[in-house]
Amino acid sequence: MKSTDRTRIHIPIGTAATMVWSYARGRILEQVKSVAFIILYLLAFQLFVLGSTPSNAVRVAAGLGLVILGLTFFLEGLILGLMPLGERVGVRLPRKCGIFLIVVFGLLLGMGSTYAEPAIATLSTAGVTVTAWGSPLLYRMLNDSPGLLVASIALGVGVAVGFGMFRFYYGFSIKPFIYTLVPILLGLSVYCALDSNLRNILGLAWDAGAVTTGAVTVPLVLALGIGVSRASGKREDAAGGFGIIMLASAFPIMGVMILGIVLNPSTSRPMEESAFFAPEYRERALRLFPNEAALLRHVFQHGGEDGRKAFFGEDEEGYRQALRRLGTPEGRGMIPDSMSAGEWLTRRASETERAFLTREVPGFASSPRESETAWASVFRQESTNALRAVIPLTLLLAVVLFLMLRDRPRHVDEVALGVGLALVGMMLLTTGIRTGLAPLGDEVGRPLPRVFRSVPREEGRVILEPFEPEQVLTGFTPEGRPYRFFYFTERGTTPRPVPFDDDQFDPETGSYEHVLQRPPLFGPQLTLVGIAMVFLFAFGLGFGSTQAEPALSALGRTVEELTVGTIKRSGVVRAVSLGVGIGLMMGVARILYDIPIVWLLLPPYMLLLPLTYWSEEDFAGIAWDCGGVTTGGITVPLVLAMGLGIGGELNVTDGFGVLAMASAYPILTVLLFGMMVRARQRKGLVDVDEEDEDE
Amino acid sequence: MSDPTPTFRDVSRITCMVHQRLGAKVTECLVGMGAHTVLVENARAVRQHIRPRPWMFPGNLTEIHGTPVEVFRTTVPRDCVDAVMRALIEALELERPGHGAIYAQDLKEHSLLEPPVLKINSGKEGLLLRDLVLLTGILSQVGGGDALAKSALKLGTCVPVITRGMGTGIRDQLGLLRITIPPEKELVHLMLPAQDAAGIQRLLIEDARMDRPGGGFLYQTPIRAGVVDPLLRIGRQEHAASMEQVIAAMDELKCGTGWRKRFGDLEDPRNERMKPLRRNHREITFICTEGRVDAFVRAAMRVGAGGATTARVRCLSESDFEGGIGARERGILCVPAGRCDTVIEALYAAEQELEDTHCRIQMLEAPSVFSHQR
């Protein structure tokens, strides 16, 4: 039946513009509401707790504007294009193909989605502080064999989607899968925790499960599952289609742990830094690095003086030459991009090295950090990522639908518009996150340790020259003792007096080395308040950022639609946000108190198993899926900034584990939310049943 | 191409709306009796929840809450419809408030499948109410169904059951501009005493503000027999029996709802305040394989139908489909009686062209229809 005979209603341009504006305004306002909390929260924390202001307010504001626009476009694209396409394929597949082909398709889609939305970038950021001597296996998986790591995750997601299709086709319950998979994962985790090398990859494995399902994959796979589930016509699938994201989180965790277990025998054990860089160990150390230059860069970026001296062994002059080279443009590459030379001097260099560099490389301490990446460059990078995330998966589905299944979406033009909107939305959203939201989170997250530090901390050094000793003034303490001070203006504030230290003044060069110090925020006695503030910050960060997650919004919308409004989207989003907030608090506790990750993973998952047993089928699927969708494009950069800020301060090996916590607790809160909702909804029946029992 | 006109059989359509927890039992009963096609749709039943104010403040809070419901529809030969309903009422204990509602409507159906031959163990006599009508409201906004349901609860009619659907028709003729108009609809199903139906319909139109452009569509269809769920309110109980329990007991004693008549003046045609209702329409329902509903709607619109409301439904019974594919779509059209035959022929032609063996076309009277008119 052709549609050529349909009469098209022509709307005047003015009316059309009014219709589009009223529609767009509603959507934009919705997104403004969803991101308002996290933006205001970060700003309030920065202004009132840390007492600083955003360093580049215009850039941040423009970035935040892009986030709102991007979210609007992206969500609309999901609803108009990607989800209807996925669902259509899901409904049609069982009609034309057997279960074998459906499972193969699921496998390909799952693997493709991992390559399209690589989690490796996120995992590399979380593992940026990993050292080759402290966690050789973790370092190997992240830096030496990232291909194997991605392949193990991709295979995990592929198997998960394939399994998911199989489950929907035959209408199996998700619960047996949970009862089987979770104990296996916990068992593997305990096994890994007993080995000094494998212990370090636990955070990576559980975080991989959390971040692997991206903003495009989740809605697509969810819609596909709903389609297959509906087409299967099984009675149990009243709210079918859920549970697949849980599988797509569990299998990659298993994949990464198995990869770790396989690589472990051929990887060296954790050792002392000086032993690792010693020339006699060079041959084995180089198994983790492509060449000696990379090994040298690693010792400068992550190591200390002992490691650097051990690298050069007897060659003292080589060591000094390498230090001098830091002042050259080529040598700048030895310092991490995220640090200025001054920061490197403060955090990585020893007293001796600081003195040497101040003497031999004048002006080194004041050389600036790498400038911020230009807008155009960020947009170009993010556009490429967005194209890679949206187009291949959409094409795969479109080819299957048009060519294999010989079908078409209900409105081809609408789906095409949706895919375009999703693409533009993702470009704007990720650019906005990188230029607006992430820097804002970074400015709050990184200096966060200040709130729990009880002693002043050196933040960097600055050479003041020419420094006139006449500028130094004399003051008196309340006890009447004299002291010397001079005025110093820091970061645009009014000049304030700082004590003068004779040792820092060099009369020969007429320069004074001023040590920049950060005082403790709540005074030396109030670290407990500071720690409470960190927990509060972590909770608010998780709660606020999750509310803006597009994949969660899509999931919430699907839940509301399938349950005909008996479970509201806002309820699901709130329960998940609460869970992420609690999870982040646990993650922060892990870093602050150095709690082994397995001790934080075991209790919630052990509790989740009986709760799942008592939950109804549909809520079990929804809750376990929520664990996979929480950690998306908005939450991850903010959480990583916070985790790395605190982890860097406490010299923790890596920033892993926080995201895994942010995945476990939402399952708990959604299951509890589901039990409460169901208890209320059952009331009508239960009241009557109780009456009868009384009779 | 076979016969250009469809052949219709006189059958009854049983609609059973039960709490989600009883869903499996309905399937078991119907399949056990031998029903070969059972269509299922998710829905929510809306009730008032009354609870004391928190923090020991005096008085009660009344909130509207939705409960998950499954709506089962199946067609059976007319001669056994009462027995099937009684068996279901007994098996599901539908006489108990809160378990759900059931009704049967006599209609004409075209289907390639013969009506099922059912094996029934008849339930208790005297449970069925005979003087009911079904009032169906189609509202444009998601959540809009709640406004109509609230009004219905306020009037103490029955437990409103809300399903979701999509509007097709005029919206689809706007090109890409259609995305600016949400296609989602909410369908509110109300079982009312026949003698009060017109009055309640008019009150609902005013109360839910349906007499405005885009306000919705409200129409009546006759019910052969049914049982109403009277549990309108849940929560604090201040009397020995709730008003709903008293009403249910009276309905049973009086074998009907005739004694409830209360809106006499509103039915008076001389009452100028009232918006005019259109008479003599037909509700045409078609069920087809998922993905083909647009073709059917287009065919109907070409011969003068104004548009349709469609909904996705699941088909549960194995014998109706091959390979376990149960995704279906259901379309509802309301057309003037004079145009009914032409629309049905167009739908039938679409069925022939698409070779949709799952297609069913059902038709029944809609004696009173309201939608906003300029």
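The values are calculated or read from the model by the stated rules, or taken from the named source; none is laboratory data. No experiment lies behind these values; they were computed from the predicted model shown. Glycine gets a Cβ as well: all are built from the backbone with ideal geometry, and neighbour counts include every protein chain shown. Note: accessible area is taken over every heavy atom of the protein model, side chains too, but ligands, DNA and RNA are not part of it. Shrake-Rupley method; radii C 1.70, N 1.55, O 1.52, S 1.80 Å.
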(message) Please determine whether any residue of segment B:134-154 is touching a residue at least 60 places away in the same chain (Cβ under 8 Å), under 28 Å from B:ALA83 (Cβ atoms) and part of a loop (DSSP other than H, G, I, E, B).
(response) no
(message) Looking only at segment A:655-684, how many residues end up being open to solvent by less than 10 Å² (accessible area, probe 1.4 Å) and modelled with pLDDT under 70?
(response) 2
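Scan segment A:581-591 and tell me whether some residue there is within 14 Å of chain B (Cβ to nearest Cβ) and either surrounded by fewer than 22 Cβ atoms within 10 Å (Cβ to Cβ) or among the polar types (S, T, N, Q) (or both).
No; the residues of segment A:581-591 include none that is within 14 Å of chain B (Cβ to nearest Cβ) and either surrounded by fewer than 22 Cβ atoms within 10 Å (Cβ to Cβ) or among the polar types (S, T, N, Q) (or both).
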(message) Tell me the residue from B:LEU127, B:LEU203, B:LEU190 that is within 17 Å of the chain's Cα centre (by Cα) and either at the interface with another protein chain (Cβ under 10 Å from one of its Cβ atoms) or touching a residue at least 24 places away in the same chain (Cβ under 8 Å) (or both), please.
(response) B:LEU190
(request) Taking B:ALA337 as the residue in question, decide whether it is surrounded by fewer than 17 Cβ atoms within 10 Å (Cβ to Cβ), at pLDDT below 90 and in contact with a strand residue (DSSP E or B) (Cβ under 8 Å, 6 or more places away or on another chain). (result) yes
(message) Just to verify a result, which residue in segment A:96-119, among those that are surrounded by fewer than 19 Cβ atoms within 10 Å (Cβ to Cβ) and out of contact with any Phe, Trp or Tyr (no Cβ under 8 Å at 6 or more places or on another chain), is farthest from the other protein chains (Cβ to nearest Cβ)?
(response) A:TYR115
(message) Of everything in segment B:13-36, what is among the hydroxyl-bearing types (Ser, Thr, Tyr) and within 11 Å of another protein chain (Cβ to nearest Cβ)? Give them in sequence order.
(response) B:THR27
(request) Output the number of the condition that B:ASP196 fails; it satisfies all remaining conditions of (1) within 30 Å of B:GLU290 (Cα to Cα); (2) surrounded by 22 or more Cβ atoms within 10 Å (Cβ to Cβ). (result) (1)
(request) Filter the helices (runs of 4 or more DSSP H) completely within segment A:1-115 down to those with at least 3 residues that are outside the structural domain of A:LEU578 (by TED's automatic domain parsing). (result) A:13-44
(request) May I ask you to list the residues in segment A:13-42 that are β-branched (Val, Ile, Thr) and touching a residue at least 40 places away in the same chain (Cβ under 8 Å)? (result) A:ILE28, A:VAL35, A:ILE38, A:ILE39
(message) Which numbered condition in (1) within 9 Å of chain B (Cβ to nearest Cβ); (2) without any contact (Cβ under 8 Å) to a residue 12 or more places away in the chain is the only one that A:VAL58 fails?
(response) (1)
(message) Condition first: open to solvent by 10 Å² or more (accessible area, probe 1.4 Å), in a helix (DSSP H, G or I) and in contact with a Lys or Arg (Cβ under 8 Å, 6 or more places away or on another chain). Now tell me which residues in segment A:393-452 satisfy that.
(response) A:PHE402, A:MET404, A:GLU414, A:PRO439, A:ARG450
(message) With the requirement that a residue be away from chain A (no Cβ under 14 Å), over 18 Å from the mean Cα position of the chain (by Cα), open to solvent by 20 Å² or more (accessible area, probe 1.4 Å) and closer than 30 Å to B:HIS372 by Cβ, what does segment B:214-252 give you?
(response) none
(request) Give the residue, chosen from A:GLU343, A:GLU370, A:GLU360, that is out of contact with any helix residue (DSSP H, G or I) (no Cβ under 7 Å at 6 or more places or on another chain), open to solvent by 60 Å² or more (accessible area, probe 1.4 Å), more than 14 Å from chain B (Cβ to nearest Cβ) and modelled with pLDDT under 85. (result) A:GLU370
(request) Might you let me know whether segment A:80-95 holds any residue that is surrounded by fewer than 20 Cβ atoms within 10 Å (Cβ to Cβ) and within 14 Å of another protein chain (Cβ to nearest Cβ)? (result) yes
(message) Is it the case, given these coordinates, that A:VAL559 is away from every other protein chain (no Cβ under 14 Å) and open to solvent by less than 10 Å² (accessible area, probe 1.4 Å)?
(response) no
(request) Name the residue, out of B:ILE287, B:ILE344, that is closer than 23 Å to A:ASP407 by Cα, open to solvent by less than 50 Å² (accessible area, probe 1.4 Å) and modelled with pLDDT of 90 or more. (result) B:ILE287
(message) Can you pull out every residue in segment B:225-243 that is assigned to a loop (DSSP other than H, G, I, E, B), at pLDDT 75 or above and over 16 Å from B:ASP196 (Cα atoms)?
(response) B:ASP229, B:PRO230, B:LEU231, B:LEU232
(request) Looking only at segment B:111-125, decide whether some residue is at pLDDT 85 or above and under 25 Å from B:ILE200 (Cα atoms). (result) no
(request) Exactly one condition in (1) modelled with pLDDT of 90 or more; (2) out of contact with any Phe, Trp or Tyr (no Cβ under 9 Å at 6 or more places or on another chain) is not met by B:ARG312; state its number. (result) (1)
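Considering only residues that are of a type in the set (Lys, Arg) and either modelled with pLDDT under 75 or assigned to a helix (DSSP H, G or I) (or both), which ones fall in segment A:346-357?
A:ARG347, A:ARG354
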(request) Please give the helices (runs of 4 or more DSSP H) falling wholly within segment A:135-222 in which 3 or more residues are of a type in the set (Gly, Ala, Ser) and open to solvent by 10 Å² or more (accessible area, probe 1.4 Å). (result) A:146-170
